[in-house]
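First comes the structure, then the notes that go with it.
The values are calculated or read from the model by the stated rules, or taken from the named source; none is laboratory data. Keep in mind that this is a model prediction, so the values were computed, not measured. Don't worry about glycine lacking a Cβ; one is built from the backbone with ideal geometry, like all the others, and counts go over all protein chains shown.
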Amino acid sequence: GQQVMQIPQYQHVQEGEDFTTYCNSSTTLSNIQWYKQRPGGHPVFLIQLVKSGEVKKQKRLTFQFGEAKKNSSLHITATQTTDVGTYFCAGPATSGGYNKLIFGAGTRLAVHP
Amino acid sequence: NAGVTQTPKFRVLKTGQSMTLLCAQDMNHEYMYWYRQDPGMGLRLIHYSVGEGTTAKGEVPDGYNVSRLKKQNFLLGLESAAPSQTSVYFCASSYGGNYNEQFFGPGTRLTVL
């Protein structure tokens, strides 16, 4: 079945270092969404990418959607302790019913001050 | 504007007991979703609804039932709880389908002994 895979599963960095998480889909996606979940919290929507090769920035966060629309990445420049949490990518299901998202397993980011 | 609310926040059940988790949203969203989150497995869709009176199965529907009698409410039922259903349950809602962000509730932590 359709899969959305994220790597790495876990990463810890020193504050100020950069961080990147990668998302790969087994199928071509019409769009991809990114969410952040703080420890003990709930997922919160960050951004959606729709176009092939699209790049969007939110302050220190840069999101990219691959040319083939099968992969995406989130890059954080100069991490801060407020970046701690788990980052999920999600793509729309392409079979077995629509109007639903398939989430990756997430990348958990720890930032050491 | 409370967004998405879930009750209860915590619950402990014994194997074989039943319970209902309530999700309510005040954003007039058509779509509502129930996910479970287990360590290392991301968010897995249990059931979802694309409008009042409709429900559909997600990735892991076995052992759960749902109802959407009112647009603002989405109920998740466990008829005979099993230890494998120990998890954190999140409800989410969205205005439309896959091109719309999902808003998540705070979650319910369920332990089945």
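Here are the numbers:
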{"read-out": "Check on B:Y31, touching a helix residue (DSSP H, G or I) at 6+ places or on another chain (Cβ under 9 Å) and among the aromatic types (F, W, Y)", "value": "no"}
{"read-out": "Flag for A:G16 being closer than 22 Å to A:H112 by Cα, loosely packed, with under 13 Cβ neighbours inside 10 Å and more than 14 Å from chain B (Cβ to nearest Cβ)", "value": "yes"}
{"read-out": "Index of the failed condition, B:P106 passing every other in (1) closer than 27 Å to A:I7 by Cβ; (2) under 12 Å from the mean Cα position of the chain (by Cα); (3) at the interface with chain A (Cβ under 8 Å from one of its Cβ atoms)", "value": "(1)"}
{"read-out": "Subset of region B:29-74 [more than 9 Å from chain A (Cβ to nearest Cβ), buried (at least 20 other Cβ atoms within 10 Å of the Cβ), of a type outside the set (V, I, T) and part of a strand (DSSP E or B)]", "value": "B:M32, B:W34, B:R36, B:H47, B:S49, B:F74"}
{"read-out": "Number of the condition not met by B:G51 [criteria: (1) under 26 Å from A:T86 (Cβ atoms); (2) at pLDDT below 95; (3) small (G, A, S)]", "value": "(1)"}
{"read-out": "Tally of residues being farther than 14 Å from A:G106 by Cβ and either in contact (Cβ under 8 Å) with a residue 12 or more places away in the chain or in a strand (DSSP E or B) (or both) across region A:33-72", "value": "24"}
{"read-out": "Residue within region B:7-17 that is within 24 Å of B:L69 (Cβ to Cβ) and either facing chain A (nearest Cβ under 10 Å) or among the small types (G, A, S) (or both) present", "value": "no"}
{"read-out": "Qualifying positions in region A:40-76 - aliphatic (A, V, I, L, M), within 14 Å of the chain's Cα centre (by Cα) and more than 14 Å from chain B (Cβ to nearest Cβ)", "value": "A:V55, A:L61, A:L74, A:I76"}
{"read-out": "Scan of region A:57-108 for residues that are at pLDDT 95 or above and among the basic types (K, R), ordered by number", "value": "A:K57, A:K59, A:R60, A:K69, A:K70, A:R108"}
{"read-out": "Residue within region A:92-100 that is in a loop (DSSP other than H, G, I, E, B) and of a type in the set (F, W, Y) present", "value": "yes"}
{"read-out": "Verdict on A:Y87 being buried (at least 17 other Cβ atoms within 10 Å of the Cβ), in contact (Cβ under 8 Å) with a residue 40 or more places away in the chain, part of a strand (DSSP E or B) and away from every other protein chain (no Cβ under 14 Å)", "value": "no"}
